[in-house]
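The values are calculated or read from the model by the stated rules, or taken from the named source; none is laboratory data. Everything numeric here is computed off the predicted structure, so don't read it as measured data. Neighbour counts run over all protein chains shown; Cβ positions are idealised from the backbone, glycine included.
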Amino acid sequence: MLSAPSPGAVLLDVAYDGTDFHGFAPQRDVRSVHGVLLSAARAFDPGVDDVRGASRTDAGVHARGQLVAFDPARALPPAAWQAELNRRLPDDVAVVRARTAIRGFVPRFESLGKRYTYLVKPSSIRDPLERRRAWTVPFAVDGERVAKELAHLVGTHDFAAFRRAADERVDTVRTIVRADVATEGELLRVTVEGTGFLYNMVRIIVGTVVEVGAGRRAEGSLARAIASGERGDLGLTAPPQGLCLERVFLPDDDDLPQVWVGVGKKAPPPRV
């Protein structure tokens with residue numbers, strides 16, 4: 001007798017407040033986004049072996065559009081998975097969309113790239129309501145200077161200088177397709193989109209452009225660091241709470257922004 005074919009993968013768009021998590025990736029004896037998602041999935045379907053995220057966001061970093069996939073043992077429509085998972089997830093995590101994908105789908109390998117935003121609040125008075133989602137700096141920041149500085153990022157460059165010391169990856173070339181800043185009331189929203197990011201890369205970018213925008217660091221610092229490859233040519237690393245993973249782009253997205261059309265997808269690393 002032939003057995004029923006295995007269902008495909010479930011692909012989730014997940015949002016979370018990263019404040020009370022030690023990042024996305026699983027870690028022993030600490031709370032992770034991976035851990036609560038896997039627990040929720042297994043509570044409904046014990047056959048779920050693992051969940052696979054597109055980005056290993058750090059402790060305190062938020063997400064509106066993290067992609068997570070898993071291979072279920074139960075064949076159910078996406079809406080049922082969304083409802084059942086949300087019933088079992090804590091208040092700081094939610095599945096905002098569910099869809100199907102081929103079994104074994106790995107978002108990290110299939111994505112074109114990601115969009116991150118970072119919120120900065122230039123103010124001498126801290127705002128308790130913004131403390132979980134924005135970095136308050138006690139000085140003025142010139143948005144025009146920030147915009148001019150961010151423009152140096154666009155294109156394909158070696159970003160070896162833009163990472164924390166623990167990042168030992170050999171390939172440090174990335175393509176940035178968008179880097180800009182917008183004013184939202186008292187907040188500055190920095191947006192960076194690219195094919196990939198090194199550890200702490202966006203936070204280092206933001207820390208540097210905030211210093212440039214405040215007149216505390218010379219203009220052209222990003223360009224100099226790209227040329228030199230030296231971390232010392234950049235500014236401080238901004239804290240995690242202002243950072244949010246807004247979206248992970250897939251090649252077949254119906255609403256793929258024009259800026260991503262024609263951007264090639266890197267071949268995935270070998271699966272070992």
Is there any pair with a first residue in segment 136-155 that is closer than 17 Å to ALA238 by Cβ and without any contact (Cβ under 8 Å) to a residue 24 or more places away in the chain and a second that is β-branched (Val, Ile, Thr) and not in a helix (DSSP H, G or I) whose Cβ atoms are under 9 Å apart and which are 6 or more apart or on different chains, and what are they? THR136/VAL120; THR136/ILE125; PRO138/ILE125
If you go through segment 173-195 one residue at a time, how many are at pLDDT 95 or above and assigned to a loop (DSSP other than H, G, I, E, B)? 1
Considering each residue of segment 137-171, count those that are modelled with pLDDT under 95 and over 15 Å from GLY207 (Cα atoms), and give that number. 7
Condition test on GLU168, is it surrounded by 17 or more Cβ atoms within 10 Å (Cβ to Cβ), of a type in the set (D, E, K, R) and over 17 Å from the mean Cα position of the chain (by Cα)? no
Taking the condition of being closer than 20 Å to LEU150 by Cα, assigned to a loop (DSSP other than H, G, I, E, B) and modelled with pLDDT under 95, how many residues in segment 216-262 meet it? 1
For segment 149-158, does any single residue satisfy the condition of being within 27 Å of PHE109 (Cα to Cα), assigned by TED's automatic domain parsing to the domain that holds LEU236, part of a strand (DSSP E or B) and within 18 Å of the chain's Cα centre (by Cα)? no
Answer residue from segment 36-51, given it is surrounded by fewer than 17 Cβ atoms within 10 Å (Cβ to Cβ) and touching a strand residue (DSSP E or B) at 6+ places or on another chain (Cβ under 9 Å) and is nearest to ARG74 (Cα to Cα) among those: ASP49
Within segment 168-184, can you find the residues that are of a type outside the set (Lys, Arg) and under 29 Å from PRO122 (Cβ atoms)? ILE176, VAL177, ALA179, ASP180, VAL181, ALA182, THR183, GLU184
